[in-house]
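The values are calculated or read from the model by the stated rules, or taken from the named source; none is laboratory data. Source: prediction; values computed, not measured. Cβ coordinates were reconstructed from backbone atoms using ideal geometry, including for glycine residues, and neighbour counts include every protein chain displayed. These area figures cover heavy atoms from the full protein model, side chains too; ligands, DNA and RNA do not enter into them. Shrake-Rupley method; radii C 1.70, N 1.55, O 1.52, S 1.80 Å.
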Amino acid sequence: MKTSLPWKLWARQVMAILRIELAKNFKRKRAIPVYVLAFLPFLLWQTHSLVHIRGWRTCSGSEDLMVYAGVFQVFVLRLAIFFSAVAIFMNLFRGKIVEKTLHYYFLAPVRREVLVVGKYLSGVAMMVIVFGAGTALSYLTAVNHLKLTASRAVVPAAMADLPVYVGVTALACLGYGAVFLVTGLLFRNPIVPAVAILSWESIIVFLPAVLKKFSVIFYLESLCPVKVPFHGPGLLFTITAEPTPAYLSVPGLILLTLALLALAALRIRKMEISYGTE
Amino acid sequence: MSGGRIVFEDVSKFYGDVLGVNRVNLSIPPGITALVGPNGSGKTTLMNLITGLVRPTRGRISVLGISPDDPERLFKVVGYCTQFDSFPRGKTGYEFLYSSLRLHGKSHAEARELTMTALELTGMTDAAGRRVAAYSKGMRQRIKLAHAICHQPSVLVLDEPLNGLDPMARAEAIALFRSLAAEGLHVIISSHILHEVDCISDQVVLLNSGYVVAEGQIQAVRSEMNQEHPLQIMVRCSRPGALASRVFTLDHVVEVRMHADGRGLLASTRNPDLFYQALNQAVLEGLIDIESVAPADDDVHSVYQYLIGNEGEAL
Amino acid sequence: MAVYKRGYEPYEGELTPEWSRFLVIARQAYRRVFESRLLVSYLVLCLICPVACALIIYLPHNEGALQMVSVGDLITIEPGFFLKYMHLQGWLGFILTAFIGPGLISADLANNALPLYFSRPFTRTEYVAGKMSVLAILLSFITWIPGLLLFAFQSYLAGPKWFWDNLHVAYALFVGFWVWIILLSLLALAMSAWVKWKLAAGILILAIFFVVAGIGSVLNEVLDTRMGSLINVVQVIDTIWSSMLGLASRSGISPANAWMSLAAACALCLHLLSRKVRAYEVERS
Ligand SMILES: Nc1ncnc2c1ncn2[C@@H]1O[C@H](COP(=O)(O)OP(=O)(O)O)[C@@H](O)[C@H]1O
Ligand SMILES: [Mg+2]
């Protein structure tokens, strides 16, 4: 009887979920820390350039792009996006179980798989919009500031990296989003897995190349336009594997995401409402 | 649509080792059906099974021909008012209904319209602008009811919908159920107080510790209970021998046993009402002095007595 | 017998003294804590380092052992040694806090249990003190108590001169660790009271340490200053401990600033606690 799947219907439903969820994601009070994390680098770069303009401090600009790359890889990717993804994506299902409101979603005439996709996309859309804007603004500010310094010659080349930074940001949201959506669905108390993932993504730099392929940060870092030589407590940090070329790491990351989403869909099909004691 | 039924075929649900419901076979026609049983008897489990919130360990369920596995079709025809007393954070009553209707795929205008209708039907129009978190228990109960009926389903599953309602609201809710049932809907109500629902139900399903004890129209259920499970009544009195010979002539009394200490007897009866009458008669005639009368703790019957509630006590 | 037939009799036995009643909360909490095998093994793990330190202290005083290792390999026991000890145990304490802390108040909030507490002769202060004592007692057992024992052991082996010369180390161990304990437990309780969801509270505690520290380093890098370290909890406490031990800290902030930042953090936590630990919540409508 059913020869073709009702893709059109599903697309409409996903859109409906997006409409409802997206507004909620943006307006929630818990989203404020996410905004702060996303736009903090922008504010700081603004201040950096202001300090220079006012002449309180001089800056040759030669280090700026390197500092930007360091801040981006260590702070934006590993901390800001990571923790925001934890907050937003774990809330999508696990939070609803804790609040005992998940059944309201399950009582709607929507396939559970569609529900997963809709909710995931709503989280991703919010993260990409917020962090994409944050990254673009901060990068533009940093590069703009270079025009006032001795290093103004590098500006055109640097501008070419803007889409790369924004792209990497978007991929990070995609990847971490899927990771934490699944963690939130699979575990009753996801804090231990969350800490485990945090540690895993942090120690991954020390591990052999084969294992690196199972982390999100690995793909992201090989995509970053400026490689940062880590200094400080770990000379060990310099053992980087051959960075994977973009034509492999982008599909790699997307495949990882799709696999995780499929896992989430499988899990939620079987899910029963039983709000135990948390 | 009116020909459709909700069918349970040999359905069992275990939560790990804990029994939820066992070997349930039911076929529920349109009209008001009451699921009645004490706490923990499996009412909520049955309702969650109908709506696919939990999956049966064994057996099959179909709701008007739709499997509960298929929410896309199921919830176009089913509305469920759950027992959970929790709501999406920070929403007003209006927003709560409206956003749910949007999830059903209704347009803005349609959702607005349906929301207003449901609010009206449940008497919540005035409170619609306030946050659900600030509602009283009765208002929360009513907004949940509104949520269940707002998309105009043809099967309405209501888990203890009368809980927490004051007498006025209760009467209004019951009138609402009646009018919905009159339109040909399946209205399934659960309660742990039989006399609260038996006058409005077309049929009742009695549940006890996961088993369907009796099912059918209320009159049939009453007599079935009495036929199949005679009630044991323990009477402590003076001169039990005299009482024994008196009650043994009654044809609803199945068995009489004397106590070893000679100060009481145990009688099994199919019609407790008549038995109690005979007992009263005996006292009035001065035949015996009664020390105590109590139904013996027979499992099914104690439940039934509990359900029947004050009717049993009245005698 | 039916309940209503029983006569009402008030309790006339002895009551526990009022000041110690907050410990009831700690007692209940420990029952749960010691049910978890993971936590018990973690606590044991936390005591490995003090034992190892005791061995290191003992080694130079044992002639048999001295013959096996050359004198140059031995670690001299000086304030720097104790700073390392403090950092290690401090981290272990943080992890313990992240384990236990989030559930302390959030569970009561989520289950609406606060009205139950406050409908007894039990004040909000006592409630918070009770919850704090859960962490404080456990943390004491892995921080300053073994620390002072190590100090006493070294004084016993090295003689009274070492003791008098290094008395400030004992002070640093005791006061420094108490500052850390108070900071950790206040932070954990505030987070636990701020969000009703245990998991979110746990993540917040981690975030305070890692993300806020990260923000601090970004501040330092981008604006080329050292003020960012003021919001880095680890740097702040390192500054304070170092100054107590008479050592120079690498954090680049002054002890006075560090103390101020610490006080501000504690005040903020107390404010949050006083707002959230209430018998009821008012819903704006
Ligand atoms: N999520 C669950 N996990 C374990 N046992 C459950 C769960 N839900 C219900 N039960 C058990 O199933 C039985 C039936 O419960 P329920 O259907 O809620 O009864 P009722 O609604 O009639 O009070 C009870 O013994 C209850 O303890
Ligand atoms: Mg129930």
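Take B:V157 and tell me if it is within 13 Å of chain A (Cβ to nearest Cβ), in contact (Cβ under 8 Å) with a residue 40 or more places away in the chain, surrounded by 20 or more Cβ atoms within 10 Å (Cβ to Cβ) and within 16 Å of ligand 2 (Cβ to nearest atom).
Criteria met by B:V157.
Within region B:117-132, is even one residue more than 12 Å from every other protein chain (Cβ to nearest Cβ), hydroxyl-bearing (S, T, Y) and assigned to a loop (DSSP other than H, G, I, E, B)?
There is at least one residue in region B:117-132 that is more than 12 Å from every other protein chain (Cβ to nearest Cβ), hydroxyl-bearing (S, T, Y) and assigned to a loop (DSSP other than H, G, I, E, B).
Of everything in region C:206-242 that's more than 14 Å from every other protein chain (Cβ to nearest Cβ) and touching a residue at least 40 places away in the same chain (Cβ under 8 Å), which residue is most open to solvent (accessible area, probe 1.4 Å)?
In this case the residue turns out to be C:V233.
Give the number of residues within region B:55-71 that are within 16 Å of ligand 1 (Cβ to nearest atom), open to solvent by 40 Å² or more (accessible area, probe 1.4 Å) and either part of a loop (DSSP other than H, G, I, E, B) or touching a Pro at 6+ places or on another chain (Cβ under 8 Å) (or both).
3
Among what's in region C:136-164 and is small (G, A, S) and in a helix (DSSP H, G or I), pick the residue that is farthest from the chain's Cα centre (by Cα).
Checking each candidate, the answer is C:A158.
Grab the strands (runs of 3 or more DSSP E) fully contained in region B:135-218, keeping just those with 2 or more residues being away from ligand 1 (no atom under 16 Å from the Cβ).
In region B:135-218, B:155-158, B:186-191 are the strands (runs of 3 or more DSSP E) which contain 2 or more residues that are away from ligand 1 (no atom under 16 Å from the Cβ).
The rows are residues; the columns are (1) more than 12 Å from ligand 1 (Cβ to nearest atom); (2) away from chain A (no Cβ under 14 Å); (3) out of contact with any Phe, Trp or Tyr (no Cβ under 7 Å at 6 or more places or on another chain); (4) aliphatic (A, V, I, L, M).
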{"site": "B:D17", "(1), (2), (3), (4)": "no, yes, yes, no"}
{"site": "B:L53", "(1), (2), (3), (4)": "no, no, no, yes"}
{"site": "B:R73", "(1), (2), (3), (4)": "yes, no, yes, no"}
{"site": "B:Y98", "(1), (2), (3), (4)": "yes, no, yes, no"}
{"site": "B:L103", "(1), (2), (3), (4)": "yes, no, yes, yes"}
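Looking at region C:243-283 only, could you name the residues that are in a loop (DSSP other than H, G, I, E, B) and in contact (Cβ under 8 Å) with a residue 24 or more places away in the chain?
C:G246, C:L247, C:S251, C:G252, C:I253, C:V277, C:R278, C:A279, C:Y280
Could you list, in sequence order, all residues of region A:116-128 that are under 20 Å from A:F26 (Cβ atoms) and buried (at least 21 other Cβ atoms within 10 Å of the Cβ)?
Across region A:116-128, the qualifying residues are A:G118, A:K119, A:Y120, A:S122, A:G123, A:V124, A:M126, A:M127.
Considering only residues that are more than 28 Å from B:D85 (Cα to Cα) and of a type in the set (V, I, T), look in region C:72-115 and name the one that is modelled with the lowest pLDDT.
C:I75
Checking A:N189 against (1) assigned to a helix (DSSP H, G or I); (2) of a type outside the set (F, W, Y); (3) more than 14 Å from chain B (Cβ to nearest Cβ), only one condition comes out false. Which one?
In the conditions (1) assigned to a helix (DSSP H, G or I); (2) of a type outside the set (F, W, Y); (3) more than 14 Å from chain B (Cβ to nearest Cβ), A:N189 misses (1) alone.
State all residues of region B:1-15 that are within 10 Å of ligand 1 (Cβ to nearest atom) and open to solvent by 30 Å² or more (accessible area, probe 1.4 Å); if no residue qualifies, say none.
Across region B:1-15, the qualifying residues are B:F14, B:Y15.
Looking only at region B:26-41, which residues are within 16 Å of ligand 2 (Cβ to nearest atom) and either among the basic types (K, R) or open to solvent by 10 Å² or more (accessible area, probe 1.4 Å) (or both)?
B:P38, B:N39, B:G40, listed by residue number.
If I go through region B:75-89 residue by residue, how many of them are surrounded by fewer than 21 Cβ atoms within 10 Å (Cβ to Cβ), in a loop (DSSP other than H, G, I, E, B) and either facing another protein chain (nearest Cβ under 7 Å) or in contact (Cβ under 8 Å) with a residue 60 or more places away in the chain (or both)?
Looking only at that region, the number is 5.
Counting only residues that are more than 9 Å from chain B (Cβ to nearest Cβ), open to solvent by less than 10 Å² (accessible area, probe 1.4 Å) and over 19 Å from A:S274 (Cβ atoms), how many does region A:92-115 have?
Result for region A:92-115: 0.
Under 9 Å between Cβ atoms, which residue pairs at least 6 apart in sequence (or on different chains) link something in region A:263-278 that is aliphatic (A, V, I, L, M) and modelled with pLDDT of 80 or more with a partner that is in a helix (DSSP H, G or I) and within 16 Å of ligand 2 (Cβ to nearest atom)?
A:I273/A:H103; A:I273/B:N48
From (1) touching a Phe, Trp or Tyr at 6+ places or on another chain (Cβ under 9 Å); (2) at pLDDT 90 or above, pick out the condition that doesn't hold for C:L189.
C:L189 satisfies every listed condition except (1).
Determine whether B:E9 is more than 10 Å from chain A (Cβ to nearest Cβ) and away from ligand 2 (no atom under 16 Å from the Cβ).
The answer is yes for B:E9.
On the basis of being closer than 30 Å to A:M66 by Cα, more than 14 Å from chain B (Cβ to nearest Cβ) and not in a loop (DSSP other than H, G, I, E, B), does A:L148 make the cut?
Against the criterion (closer than 30 Å to A:M66 by Cα, more than 14 Å from chain B (Cβ to nearest Cβ) and not in a loop (DSSP other than H, G, I, E, B)), A:L148 does not qualify.
Tell me, which residue of region C:176-205 that is part of a helix (DSSP H, G or I), facing chain A (nearest Cβ under 7 Å) and in contact (Cβ under 8 Å) with a residue 24 or more places away in the chain is most open to solvent (accessible area, probe 1.4 Å)?
The extreme case among them is C:K198.
I'd like to verify a number: residues in region C:154-175 that are of a type in the set (S, T, Y) and either touching a residue at least 60 places away in the same chain (Cβ under 8 Å) or open to solvent by 20 Å² or more (accessible area, probe 1.4 Å) (or both), how many?
Qualifying residue count for the region: 2.
Could you tell me whether C:L247 is surrounded by fewer than 21 Cβ atoms within 10 Å (Cβ to Cβ) and within 14 Å of chain A (Cβ to nearest Cβ)?
No; evaluated as a whole, the condition is false for this residue.
Residues that are over 29 Å from C:V40 (Cβ atoms) and in a helix (DSSP H, G or I): does region C:121-135 have at least one?
yes
Kindly indicate whether any position in region B:95-105 is touching a residue at least 12 places away in the same chain (Cβ under 8 Å) and in a loop (DSSP other than H, G, I, E, B).
Yes, the conditions are met somewhere in region B:95-105.
Condition check ((1) out of contact with any Gly (no Cβ under 7 Å at 6 or more places or on another chain); (2) at pLDDT 85 or above; (3) hydroxyl-bearing (S, T, Y)) across all residues:
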residue: C:D224; (1), (2), (3): yes, no, no
residue: C:I231; (1), (2), (3): no, yes, no
residue: C:T239; (1), (2), (3): yes, yes, yes
residue: C:S254; (1), (2), (3): yes, yes, yes
residue: C:A264; (1), (2), (3): yes, yes, no
residue: C:R275; (1), (2), (3): yes, yes, no
